[in-house]
Amino acid sequence: MIDTARIRQEFPILSRQVHGKSLVYLDNAATTQKPRQVIAALTRYYSQYNANIHRGIHALAEEATAAYEAVRVQAAQFLGAASEREIVFTRNATESINLFAYTWGRAHLTAGDQILLTEMEHHANLVPWQLVAKATGATLAFIPLTADGQLELKALDQLLSARTKVVALTHMSNVLGTVNPVAEIARKAHAQGAVVLIDAAQSAPHLPINVQQLGGDVLVLSAHKMLGPTGVGVLWARQALLESMEPFLGGGEMISDVQLTSSTWNEVPWKFEAGTPNISGVIAFGEALAYLQRLGMPEVAAHEQQLTRYAIAQLQQLGHLTIYGPTQPGVARGSAVSFNLDGLHPHDVGTVLDAEGVAVRAGHHCAKPLMRRLGVPATVRASFYLYNTPAEVDRLIAALKIVRAFFNRPSRIHA
Ligand code: 7TS
């Protein structure tokens, strides 16, 4: 069981006021708040052993290198990777996807090949593939959605063929909360010889992740969505796949030898880490991973499932609104809950919620094709994390009642 009262004391920001009200932070799918341990790790690095890594022979450089590389081992363990050599640090999930789409995509895709995505992808898992399709002549195809925001798996069998070279999909939708059956999809994709990329930006913070069980070849995440600092992402890929890939960015650190007109590459994963990385950020990400591991990811998932079920029930009771994404009990879903109140623009709803101290996101959530599929310009999204409580769900519901009163649209008008 997650002890939210104790946990909340470790997140300084959660005790602040917004517009004179105590903050209810429900925008965790955008980014999460940071515990003291993560903030302290940043300060400790800069006040005690700030140095560039891998190149110094002095004590500070050795300490910084050891701390940075220790997080690679921790991340490998967190994800169930076979080796820390499979962990590449990037700036964020977006950069991780771009890295793979650019290097692997340009080497392996040609005209007539198919890149298979889904209709629920974040722009980060759409645009890099559009770019590589344009460069190589490969075509894009999409697994469609059911009315309640799940993948239409019947269509998968028709879409998959020997032409399908890569299947890239989100594990958990940042809009709908849908958890996709990536292991099943990976099995089918592999049967056609395709490589599978899993966007775990929304799932790794909330669910136990084991890359072996998920069965993909590549998995990406962002540290800032899982208690860590901004500016740190992970690309996990099987070592043989990483070794087969050309570098993404060139420069210091990623080389073995440099001549004036040619170079040879460092071993993986350093081949993909050109230039000075976000040293402090990676080290602090280690504290975030340790924090999550102390709590236990199954416990985090159970807490959020309970809270999400409560939030959906309370929203349904409020009525006169549409919830996008699965709401049936028993259907796997994460803690991002998108909805629209009848007759009200999501931005208006978000603005009044903010005045009540409730932080949500209102917008297209960087998933414009999904918005079009849903037939809406935008949604309001409340997204929960391990420190959120049922009392905060109640604050959300109370604030939504104030939204209705503010716009003078009592629910009976829509009855
Ligand atoms: N993939 C998914 C599924 C995401 O939800 C996001 C960010 C990304 C990739 C990109 O992550 P980044 O750290 O590289 O930016 N999603 C959101 C969101 O839903 N609201 O703000 C950012």
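The values are calculated or read from the model by the stated rules, or taken from the named source; none is laboratory data. These numbers come from a predicted model, not from an experiment. In this analysis, Cβ positions are derived from the backbone assuming ideal geometry, glycine residues included, and neighbour counts consider all displayed protein chains. Heads up: the accessible areas ignore ligands, DNA and RNA and are worked out on the full protein's heavy atoms, side chains in. Shrake-Rupley method; radii C 1.70, N 1.55, O 1.52, S 1.80 Å.
Hey, if we sort Arg106, Arg333, Arg72, Arg16 by accessible area with the 1.4 Å probe, largest down, what's the order? Show your work: numbers first, answer last.
Details: Arg106 110, Arg333 35, Arg72 0, Arg16 130 Å².
These residues rank, largest area first, as Arg16, Arg106, Arg333, Arg72.
Computed with a 1.4 Å probe over protein heavy atoms only, the accessible area of His19 comes to about 120 Å².
Backbone geometry of segment 91-103 corresponds, through the Karplus equation with coefficients 6.51, -1.76 and 1.60 at θ = phi - 60°, to 3J(HN,Hα) couplings of 7, 5, 4, 4, 5, 4, 5, 4, 4, 5, 4, 6, 6 Hz, x marking Gly and Pro.
Given the -39500 (n - 2.57) contribution per DSSP H run of 4+ residues, what per-residue ellipticity at 222 nm results for the chain, rounded to the nearest 500 deg cm²/dmol? It would help to have the intermediate numbers written out before the result.
Values: 14 runs with 166 residues, N = 415.
After summing the helix terms and dividing by the residues of the chain, the value is -12500 deg cm²/dmol.
For the chain, the longest principal axis of the C-alpha atoms and the axis of helix 59-79 are separated by about 60°.
Quick check: from the Cα gyration tensor, does segment 238-305 come out rounded (a/c under 1.5), prolate or oblate?
Working: a/c = 4.50, a/b = 2.43, b/c = 1.85.
Verdict is prolate for segment 238-305.
Taking only the Cα atoms of segment 4-135, how large is their convex hull per residue, in Å³? Walk me through the intermediate numbers first.
Working: hull volume 26.5 nm³, N = 132.
Hull volume over Cα atoms, normalised by residue count, gives 201 Å³.
Under 5 Å from the amide H of Val195 lie the amide H atoms of Val166, Val167, each residue being 5 or more positions distant or on a separate chain, with H modelled from the backbone and absent for Pro and chain starts. Packing order of peptides 230-236, 220-226, highest average first: 220-226, 230-236 (average count of other Cβ atoms within 10 Å over each peptide's residues). In the assembled protein chains, Met297 presents an accessible area of approximately 20 Å² (probe radius 1.4 Å). Roughly how many Å² of Leu23 are accessible to a 1.4 Å probe, to the nearest 10? Spelled out: Leu23, probe radius 1.4 Å, area about 20 Å².
The magnitude of the dipole of segment 40-157, with charges of +1 and -1 set on the Cβ of Lys/Arg and Asp/Glu and taken from the Cα centre, is near 400 debye. These residues, Thr170, Thr31, go from largest to smallest accessible area, 1.4 Å probe, as Thr31, Thr170. Our estimate of slack between Ala313 and Leu60, defined as 0.36 nm per intervening residue step minus the Cα-Cα distance, is 85.7 nm.
What whole number of Å gives the distance from the Cα centroid of segment 41-109 to the Cα centroid of segment 221-274? So the separation of the two Cα centres works out to 9 Å. In degrees between 0 and 90, to the nearest 10, how far off the longest principal axis of the chain does helix 279-295 point, with axes built from Cα atoms? Helix 279-295 and the main axis of the chain meet at about 60 degrees.
The modelled label-to-label distance between Val258 and Asp148, using points 7 Å beyond Cα along the C-beta direction, is 5.7 nm. For the chain, the longest principal axis of the Cα atoms and the long axis of helix 127-136 meet at an angle of about 40 degrees.
Go through Asp113, Asp157 and list them by solvent-accessible area, largest first, probe radius 1.4 Å.
On the way: Asp113 15, Asp157 90 Å².
The ordering from most to least exposed comes out as Asp157, Asp113.
Checked against a 32 Å cut-off, the cross-linked pairs Lys34/Lys188; Lys34/Lys165; Lys34/Lys154; Lys271/Lys368; Lys34/Lys271 give Cα-Cα distances beyond that limit for Lys34/Lys188; Lys34/Lys165; Lys34/Lys154; Lys271/Lys368.
Relative contact order, whole percent, for segment 181-262 stands at 22, derived from Cα pairs under 8 Å and 6 or more residues apart.
Length gained on full extension, Glu243 to Asp394: 49.3 nm, using 0.36 nm per residue less the C-alpha separation. Considering only His108, Leu221, Pro326, and ranking their Cα positions along the charge dipole of the chain that arises from unit charges at the beta-carbon of Lys, Arg, Asp and Glu, the one farthest toward the positive end is Pro326.
Explain nothing, just the number: relative contact order of segment 83-197, from Cα pairs under 8 Å at least 6 residues apart, as a whole percent.
Reported relative contact order: 25 percent.
Only the Cβ atoms of Lys and Arg (+1) and of Asp and Glu (-1) were treated as charged; on that basis the dipole of the chain about its Cα centre amounts to roughly 1040 debye.
Tell me, Kirkwood radius of the chain from alpha-carbon pair distances, in Å?
Numbers: mean 1/r = 0.0446 Å⁻¹.
It is 22.4 Å.
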